Amino acid sequence: MQAEKVSDTPLEFIVEYLAKAMKIARDHPGVPEDLRSNLQKALNIASGLDSYLEMTSSPESQPLAELYRKTIEHDWKKAFEEGKTSFRLPKECITGHVEGQVLKMLVRVSGARRVLEIGMFTGYGALSMAEGLPEDGRLVACEMEPYLKEFAQPVFDSSPHGRKITVKTGPAMRSLKGDECRDEVFHGVQGKSVLDRLRLDGRVAYVTGAGQGIGRAFAHALGEAGAKVAVVDLDDRKAERVAQELALKGIQSTAVTADISKPQSVQGMVDAIVAKWGTIHIGCNNAGINMNSASEDTSLDEWDQTFGVNLRGTFICCQAAGRIMLNQGYGKIINTASMAGLIVPHPQKQLAYNASKAGVVKLTQTLGTEWIDRGVRVNCISPGIVDTPLIHSEELGPLVQRWLSDIPAGRLAQVTDLQAAVVYLASDASDYMTGHNLVIEGGQSLW
Ligand SMILES: NC(=O)c1ccc[n+]([C@@H]2O[C@H](COP(=O)([O-])OP(=O)(O)OC[C@H]3O[C@@H](n4cnc5c(N)ncnc54)[C@H](O)[C@@H]3O)[C@@H](O)[C@H]2O)c1
């Protein structure tokens, strides 16, 4: 059924008035031909605009077309007289095809995920916008009239996008205050969903020992979560290669060469990052070494080297980055300890390594409690046995079967098993966690 034409939009009013003026001009012979001709041209242009937009806009979906038809054909006068609605609802209230597509486009280009609509009528605008929302998007439509919710809901239900829509009936102010408790659990801390709270956009991070292995995986994870990442390694070529990998993924990155066992080198690393990006928010002290030897054969040189990198080096990094963080009242330090700080992995012999990693846990606990009241959280991750090329060496390769029998998870860790943990500890979502040792070892330390 064709809608009875009643002007509703500014353009429709312009067309209506131009048509009236044109009729007067036609009926009065004294009107100059020029005026009549110009009026006719203006009317032609104005009256063609809506149909032009209809033609050039994307077609509406089947449920939208159904909603339009249902709204236009409905007897709104009768609904009012029967007391089903408390307003005389004009069908022209409906959001039309072109407006619906514009709303859908705006929702999509703005990347909106939550939409609030106040005043739904029969839901054409709501469904158009819902079509523009992502799968997990939500639209809340506040509508005075329960009758309109009943009217729209069957069509919403027939659309794959209808489940994104929640209609709240009654006065909008009451709906917005809500019946439920609208606290941070409901709305998210600072309005952010839990996944958004894990994001690291705008943060500056560094990862030591990021030229390969676990550090490389940490650098990718932090960058994927939105941070700018300084890839730090003793080996400049490895650092450069990983920084380039990150850049390929659109992550802002820089390669920094540093030996974390040397205070001057660490200070140079911190200065370079601050000079480039202004500050440091996330310090990931991951570089470490392990030289296996039986305790009776462990030389003091091996002991000093191992401690020099693993414990002393980690402390030097914590202190240099910590000073920046304490100064700005914010920071996240994540040290890489090891399951070897908890249990004695066997049968390989690695006294100095085990002792140094136990030291990293205690360093983390102490700094974590000492600096938390100044906004700096310090935690550590203790991986179990990680499947790196090192483990497949001639010396360690034969031990893999033995280790596997000690691991409830039945496999070695992959570097990717550790990535979410570093993002969590680097993010605001873990703000209440400090001095913690996050053990990720497939259950190995429990057997
Ligand atoms: N691989 C495992 O099974 C395992 C298990 C638990 C803990 N860890 C710990 O995880 C961390 C990373 O281990 P990985 O297996 O990725 O190591 P890896 O040997 O594969 O990589 C370590 C990186 O650190 C760099 N590095 C070494 N000494 C450095 C120094 N003084 N300054 C700067 N960079 C230095 C190396 O060049 C290398 O790129 C280490 O602290 C290690 O002790 C590893």
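The values are calculated or read from the model by the stated rules, or taken from the named source; none is laboratory data. Fair warning: this is a prediction, and the values are worked out from it, not measured in the lab. With ideal geometry, Cβ positions are generated from the backbone for all residues, glycine too; neighbour counts draw on all protein chains shown.
Miscellaneous remarks
- Scanning region 394-404 for residues that are part of a loop (DSSP other than H, G, I, E, B) and more than 10 Å from the ligand (Cβ to nearest atom) yields GLU394, GLU395.
- Annotation note: Cβ proximity below 7 Å between a residue of region 212-224 that is on the phi < 0 side of the Ramachandran plot and a residue that is part of a helix (DSSP H, G or I) and among the basic types (Lys, Arg) (sequence gap 6+ or interchain) occurs for GLN212/LYS238.
- As a summary of the residue check, CYS380 satisfies the conditions (1) within 11 Å of the ligand (Cβ to nearest atom); (2) in a loop (DSSP other than H, G, I, E, B) except for the one numbered (2).
- Inside region 277-324, residues that are among the β-branched types (Val, Ile, Thr), closer than 21 Å to ALA221 by Cα and buried (at least 18 other Cβ atoms within 10 Å of the Cβ) make up a count of 3.
- The listed residues are VAL140, VAL185, and the only one of them that is over 30 Å from LEU412 (Cβ atoms), in a helix (DSSP H, G or I), within 25 Å of the chain's Cα centre (by Cα) and not assigned by TED's automatic domain parsing to the domain that holds HIS281 turns out to be VAL185.
- Among the residues here, VAL242 does not qualify as in the same structural domain as PHE315 (by TED's automatic domain parsing), within 16 Å of the ligand (Cβ to nearest atom), in a strand (DSSP E or B) and farther than 30 Å from PRO63 by Cβ.
- Taken across region 70-87, residues that are in contact with an Asp or Glu (Cβ under 7 Å, 6 or more places away or on another chain), assigned to a helix (DSSP H, G or I), under 23 Å from ALA141 (Cα atoms) and not acidic (Asp, Glu) do not occur at all.
- Looking only at residues of region 268-292 that are within 16 Å of the ligand (Cβ to nearest atom) and β-branched (Val, Ile, Thr), we find that the one that is farthest from the chain's Cα centre (by Cα) is ILE289.
- Residue in region 387-404 that is hydrophobic (A, V, I, L, M, F, W, C), in contact with a helix residue (DSSP H, G or I) (Cβ under 7 Å, 6 or more places away or on another chain) and closer than 18 Å to VAL207 by Cβ present: no
- The residue list ILE391, ILE440, ILE385 contains one member that is within 16 Å of the ligand (Cβ to nearest atom) and surrounded by 22 or more Cβ atoms within 10 Å (Cβ to Cβ), which is ILE385.
- Scanning region 319-355 for residues that are in contact (Cβ under 8 Å) with a residue 60 or more places away in the chain and not in a helix (DSSP H, G or I) gives LYS332, ILE334, THR336, ALA337, LEU342, ILE343, GLN350.
- The residue pairs whose first member lies in region 278-294 and is more than 20 Å from ASP428 (Cβ to Cβ), whose second member is small (Gly, Ala, Ser), and whose beta carbons are closer than 6 Å, counting only pairs six or more residues apart or on different chains, are ASN286/GLY209; ASN286/GLY215; ALA287/GLY209.
- Total residues in region 373-401 satisfying the condition of being within 30 Å of the chain's Cα centre (by Cα), more than 18 Å from ARG216 (Cβ to Cβ) and of a type in the set (A, V, I, L, M): the figure is 2.
- Test for GLY215: is it away from the ligand (no atom under 16 Å from the Cβ), assigned to a helix (DSSP H, G or I), outside the structural domain of ALA65 (by TED's automatic domain parsing) and surrounded by 15 or more Cβ atoms within 10 Å (Cβ to Cβ): no
- Tally of residues being surrounded by 23 or more Cβ atoms within 10 Å (Cβ to Cβ), part of a helix (DSSP H, G or I) and among the basic types (Lys, Arg) across region 356-377: 1
- Residue match in region 31-47 (condition: outside the structural domain of PRO146 (by TED's automatic domain parsing), without any contact (Cβ under 8 Å) to a residue 40 or more places away in the chain and not in a helix (DSSP H, G or I)): yes
- Qualifying residue in region 116-129 (condition: assigned by TED's automatic domain parsing to the domain that holds ILE165, more than 22 Å from THR169 (Cα to Cα) and surrounded by fewer than 18 Cβ atoms within 10 Å (Cβ to Cβ)): no
- Condition met for THR298 (over 25 Å from GLU441 (Cα atoms), more than 11 Å from the ligand (Cβ to nearest atom) and in contact (Cβ under 8 Å) with a residue 40 or more places away in the chain): yes
- Taking each residue of region 256-272 that is under 18 Å from GLY288 (Cα atoms) and in the same structural domain as ARG237 (by TED's automatic domain parsing) and looking for partners that are of a type in the set (Ser, Thr, Tyr) and assigned to a helix (DSSP H, G or I) with beta-carbon atoms closer than 6 Å, six or more apart or interchain, yields ALA258/SER265; ASP259/SER265.
- Tally, over region 225-252, of residues that are buried (at least 23 other Cβ atoms within 10 Å of the Cβ), without any contact (Cβ under 8 Å) to a residue 60 or more places away in the chain and not acidic (Asp, Glu): 9
- For region 117-126, the condition of being farther than 20 Å from SER58 by Cα, modelled with pLDDT under 95 and part of a helix (DSSP H, G or I) holds for none of the residues.
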